[in-house]
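Okay, so here's the structure we're looking at.
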Amino acid sequence: MRALLSLIGILSFLTGCGSASTSTSGGYGNFIPSALAAHEKQLADDAARQLQLLYPPASTRLDLRQSAPDGFGKQLVETLRSQGYALREVPPAVGPAAAESHAAPAASASGASASIPFNYVLDSITSPKLYRVTLVLGSQTMTRAYVPQSEAVHPAGAWVRKE
């Protein structure tokens, strides 16, 4: 009887873990609910500067494939648009079509350059206290760690880019 209850408990736990990863955000977004607004602004500004180095603003179209209701997401969207990026907020796909929509950029109707699927993740670790910003552009990922202090965040290293 004890073994049966243990098995049911383990299966319930695994079911909860599996359902958390199938949310509509697809594992993207801001996972630091207590981040200071000043920190989120600095992180978003630095992320936008890195994008500007790699993708020219006036000729790059981005499709944000997640909702951005958090402070970091709103600041990042605002900063990218003010720099001249064409940024379209695309509702996240749900179900089997989700994998296909992230696999290849959508072609534009006029035949001009394709849009780049774009997602972000902002998360942290507790020891040592670090924030991490990850930008996903198509199949390319860029990540940078930051050390939060009282009113500012400081880079803990260079941007790391995986193609």
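The values are calculated or read from the model by the stated rules, or taken from the named source; none is laboratory data. Predicted model only: the values in this text are computed from it and were never measured. FYI the Cβ positions are ideal-geometry reconstructions off the backbone, even for glycines, and counts take in every protein chain you see.
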query = For Ala68, are the conditions met, namely being more than 24 Å from Gly157 (Cβ to Cβ), at pLDDT below 70 and aliphatic (A, V, I, L, M)?
reply = no
query = Using beta carbons and a limit of 6 Å, which pairs, at least six apart or on different chains, have the first residue in the stretch 117-132 and of a type in the set (Val, Ile, Thr) and the second one outside any loop (DSSP other than H, G, I, E, B)?
reply = Val121/Thr134
task = Answer yes or no as to whether Asp63 is under 15 Å from Asn119 (Cα atoms), modelled with pLDDT of 50 or more, touching a Phe, Trp or Tyr at 6+ places or on another chain (Cβ under 8 Å) and among the charged types (D, E, K, R).
result = yes
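Please go through the stretch 36-50 and give me each residue that is small (Gly, Ala, Ser) and in contact with a Gly (Cβ under 7 Å, 6 or more places away or on another chain), ordered by number.
If the condition is that a residue be small (Gly, Ala, Ser) and in contact with a Gly (Cβ under 7 Å, 6 or more places away or on another chain), then Ala37 is the only one that fits.
For residues that are among the small types (Gly, Ala, Ser), out of contact with any strand residue (DSSP E or B) (no Cβ under 9 Å at 6 or more places or on another chain) and under 22 Å from Glu163 (Cβ atoms), scanning just the stretch 92-136, find the one that is modelled with the highest pLDDT. Full working, then the answer.
Of the stretch 92-136, the ones among the small types (Gly, Ala, Ser) are 93, 95, 97-99, 101, 103-104, 106-115, 124, 127.
Narrowing the set further to residues that are out of contact with any strand residue (DSSP E or B) (no Cβ under 9 Å at 6 or more places or on another chain) leaves 93, 95, 97-99, 107, 109-111, 127.
Going one step further and asking which of them are under 22 Å from Glu163 (Cβ atoms), we end up with 99, 107.
Working: Ala99: 47, Ala107: 42.
By that ranking, first place goes to Ala99.
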note = Only one of (1) in a loop (DSSP other than H, G, I, E, B); (2) modelled with pLDDT under 90 does not apply to Ala3, and that is (1)
query = Within the set of pairs 6 or more residues apart or between chains, which connect a residue that is under 24 Å from Ser34 (Cβ atoms) inside the stretch 71-92 to a residue that is among the polar types (S, T, N, Q) and not in a helix (DSSP H, G or I) with Cβ atoms less than 7 Å apart?
reply = Phe72/Asn30; Gly73/Asn30
request  = From (1) within 14 Å of the chain's Cα centre (by Cα); (2) modelled with pLDDT of 95 or more, pick out the condition that doesn't hold for Glu78.
outcome  = (1)
remark   = Taking the stretch 47-95 and keeping residues surrounded by fewer than 14 Cβ atoms within 10 Å (Cβ to Cβ) and assigned to a helix (DSSP H, G or I) leaves Arg49, Leu53, Leu54, Ala58, Ser59, Ser82
